[in-house]
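Following: one structure in structure tokens, then a few remarks.
The values are calculated or read from the model by the stated rules, or taken from the named source; none is laboratory data. Values in this document were obtained by computation on a predicted structure and should not be read as measured data. Cβ placement follows ideal geometry from the backbone for every residue including glycine, while neighbour counts extend to all protein chains displayed.
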Amino acid sequence: MSKKLEEYIREHKKAFDDGTPSDQLWSKIETALDKEKVKKPLRVPLWFAIAASLIVVMAITFIYTYRSQKTGVEIADVNPVYAQKEMKFASLIEQKKDSLMVYAEENPKLYSEFSADLQKLGADYENLKKQLQNSPNQKLVVRAMVKNLELQLQVINQQLSIINEVSQYKRENKI
């Protein structure tokens, strides 16, 4: 079919070349173009661009601030050696507290006095933890935190020693 079309175009080439559109056709095209509105590109007002930029900057600032507050400073960030000591003392304290709980049934009054001392030291430790976030001398605060844990461990050891002595005294006096 394409060969027939090509032959037809070759044979009637002069007829195609001779014809020009009429003036009426050109005037219709002109009026149609005049009627169509030329769409202008979307222009964003300057104040809108500034507002969008401010929103983006504020969002980035908020995200950065939120993340930095959330992570906070840990002992390992300040001094890894003290972080290891903290882990060691914390695990020992938990073990010793479990041992104290065993004696709590035998000497509830003594245990309540001991637990009050431990709670005070624990509250001091939590305060130090909060101070670590904003302290200009974080190493000093970390040392104080580790020292607090050492004191807690010493207090628990003394408490266990006292409870053992009291238990031994009670056993000896019953016989």
Matching option when the condition is of a type in the set (A, V, I, L, M), crowded, with 16+ Cβ neighbours inside 10 Å and under 24 Å from the mean Cα position of the chain (by Cα), among Leu128, Leu110: Leu128
Conditions (1) outside any helix (DSSP H, G or I); (2) at pLDDT 75 or above: number failed by Phe48: (1)
Hits in region 130-175 - residues which are charged (D, E, K, R) and modelled with pLDDT of 85 or more: Lys147, Glu150
Members of region 114-125 that are surrounded by 11 or more Cβ atoms within 10 Å (Cβ to Cβ) and within 27 Å of Arg171 (Cβ to Cβ): Phe114, Ser115, Asp117, Leu118
